[in-house]
Each structure stands twice: as structure tokens, then as C-alpha cells.
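Heads up, the thing below is written out as C-alpha cells.
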Amino acid sequence: DGTNKKATVKVQTFQLVNEIHMEDQILAGGLSLNLNTKASVNADATNKKLNWELVDPADKEFATLSNGTLKAVKRNDKAQPVTVLVRATAADYGAYSVTTAVTILPATTKLQIMNNAVDMTGKIIDLYLGGAEGTDSAKLNILTTPAAALQTVKWTVAARDQQYVTLVDNTGAE
């Protein structure tokens, strides 16, 4: 008759991803970008994992995508940036997704150190400590080939020269 019979079931609830935030990105030719570190989902989501894909399979000419890491292929020989679209889809059952643009810059093929429009690459720059105004410093910049390549470098001074030379950024800060 079923009296005094019980059955139980455990019910679990999951908060689905309902928000994925990711800014458009810039990537230099030949380098990689971990998209998982650039994207965020709603904090209360139970499963925060994202699946990644190139929206247009033809973009494999410019980038490969594996486990959330986008690698720009070096052969962006167009000398101009290209833009690929990447889709992040929540790995939960809600399948929320967002598409973002990644601009891939051409790989740098040549880097020149310039001082007042003069190529100083491999040359010696004379600075005169205590000399006339303007002879104790040099404003250096870079010139990349192709021109659309990444224009950012990390300047360093050899340890033996650090007592004489101080790097100052373009805002005047040391």
C-alpha cells in the first residue's frame, strides 16, 4: 500500500554564466595571449570555464587558438594589422557567449634606435656630464619595420653603467 515509504533525491543548483566581460585586445606578431586571464564572468557563476574559438576559420592564417591561448603567427607579412574575432562561450549548460576583436600587429622585422631622426643603432652616443645644456642627455626613441608593428620596447641600462645613466620615461619619471 506504500505507507511509510520514503524516497529522497538530492537537488543541486548551479548559477549559470550570464555575463562575460572582455576588452578588445592587441597582440604582436609571433606572440601569445592567454585569453583566460583577460576575460571575467559573473562572480556567482558556478562553472567559470570558457570555451574559445575563432569566429572565422579563415583567421587561422593569422592566429591559432588552443585552450584559451591565442598565438599570432609570424607570417603576418601584410605589413598592416589584421583583426580576428574570438568567441568565448560559457562551458555550462547556459552556453552564454560573447565575441571580441583581437588586433594582430605584424611582427617586427627591424628595430632602430633613433636620436633626433638619426639612426643610432650600434653607435656610441657621447654624453658630457656637467657640460652645456642638452649635452648631458639624449632622447631616444624606436623605429620599427614595418611601421605598423608593436611600438613598445623595454629599455635597460647595463649594470656597469647605472651609476652614470638613468632611464627616464616619456613623462619625465625615473
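The distance from the alpha carbon centre of the stretch 120-151 to that of the stretch 21-85 is 35 Å, rounded to a whole number. When the charge dipole of the stretch 1-41 is built from unit charges on Cβ atoms (+1 for Lys and Arg, -1 for Asp and Glu) and taken about the Cα centre, the candidate among N4, L35, L16 whose Cα reaches farthest toward its positive end is N4. Per residue, the accessible area of the stretch 21-81 comes to 61 Å² when a 1.4 Å probe rolls over the protein heavy atoms. Set against the labelled values (1) 36, 20, 16; (2) 37, 24, 18; (3) 53, 22, 11, semi-axes √(5λ) of the Cα gyration tensor in Å computed from this structure falls on (3). Where in the stretch 1-96 are there chymotrypsin sites (Phe, Trp or Tyr not before Pro) that are in a DSSP coil and have at most 14 other Cβ atoms within 10 angstrom of their Cβ? Passing both the DSSP loop test and the Cβ count: F14, Y93. Packing order of peptides 108-120, 155-167, highest average first: 108-120, 155-167 (average count of other Cβ atoms within 10 Å over each peptide's residues). Kindly work out what percent of the DSSP beta bridges joining two residues of the chain are antiparallel, to the nearest 5. Percentage antiparallel, nearest 5: 90.
The values are calculated or read from the model by the stated rules, or taken from the named source; none is laboratory data. Keep in mind the model is a prediction, meaning the values are calculated, not measured. We place every Cβ from the backbone using ideal geometry, glycine too, and count neighbours over all the protein chains shown. Accessible surface areas use protein heavy atoms only, side chains included; no ligands, DNA or RNA. Shrake-Rupley method; radii C 1.70, N 1.55, O 1.52, S 1.80 Å.
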